[in-house]
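Everything on this sheet refers to the single structure shown next.
The values are calculated or read from the model by the stated rules, or taken from the named source; none is laboratory data. All figures in this text were calculated on a predicted structure; none of them were measured in a lab. Cβ placement follows ideal geometry from the backbone for every residue including glycine, while neighbour counts extend to all protein chains displayed. Surface accessibility is based on the protein's heavy atoms, side chains included, excluding ligands, DNA and RNA. Shrake-Rupley method; radii C 1.70, N 1.55, O 1.52, S 1.80 Å.
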Amino acid sequence: MITILNIKDTILHLINKYNTSDPFELADALKIAVFYENLGSINGYYNNPLRMKQIHINSSLNDQEAKYTCAHELGHAIMHPNASTPFLSSKTLLSIDKLEREANTFAVNLLIPDELITENQNYTTEQLSRLLGYNQELIKLRLKIFFNEKAFNN
């Protein structure tokens with residue numbers, strides 16, 4: 001069973017090993033090919049044809065959306081390398097599907113470290129969203145994880 005602690009440990013290991021938290025740099029270091037394509041309403045997807053890990057990102061996304069999508073699909077590549085993962089679309093960004101929830105958890109923890117939340121603890125969700133360039137639903141997810149961990153550790 002994958003837990004938030006497993007996910008955070010995995011992220012910390014990757015950041016320490018490759019000296020970056022950038023999902024594109026991590027994908028490159030892990031030999032995961034990243035392709036930009038016209039995917040219509042789909043933000044991205046991960047696949048593994050012939051054991052060649054690939055992340056596909058919609059070429060119409062802005063930089064922050066592409067970065068989040070890469071982080072999300074990187075989560076699939078690391079945590080679900082052989083699973084046939086569903087497409088990440090703007091409508092399923094916070095899907096209740098277990099694999100999607102895990103990939104979302106991986107992405108927000110990779111892109112928004114605890115220290116950033118602590119340093120900006122007086123910011124509203126809207127302010128954090130504008131500061132970081134991610135939509136408010138992702139900020140809310142990250143804050144929920146952060147505060148649940150704090151409550152659990154107290």
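Brief remarks on what is shown
- With all protein chains modelled, accessible area of ARG101 [1.4 Å, Å²]: 120 Å²
- Cα convex hull of the chain, projected area averaged across orientations, nm²: 9.2 nm²
- DSSP-defined antiparallel bridges as percent of all bridges, the chain, nearest 5: 55 percent
- Given LYS67/LYS144; LYS8/LYS98; LYS67/LYS98; LYS53/LYS140, the pairs whose alpha carbons are separated by over 28 Å: LYS53/LYS140
- Label point distance in nm, TYR18-ASN38, each placed 7 Å from Cα along Cα→Cβ: 3.0 nm
- Principal-axis analysis of the Cα atoms of the chain puts helix 98-111 at an angle of about 70° to the longest axis.
- Separation between Cα centres of the range 100-154 and the range 46-86, rounded to whole Å: 21 Å
- The candidates SER129, SER41, arranged from most to least accessible area with a 1.4 Å probe in the full protein assembly, appear as SER41, SER129.
- Accessible area per residue for the chain is 57 Å², calculated with a 1.4 Å probe on protein heavy atoms, without ligands, DNA or RNA.
- Share of carbon and sulfur in the accessible heavy-atom surface of the chain [1.4 Å probe, %]: 52 percent
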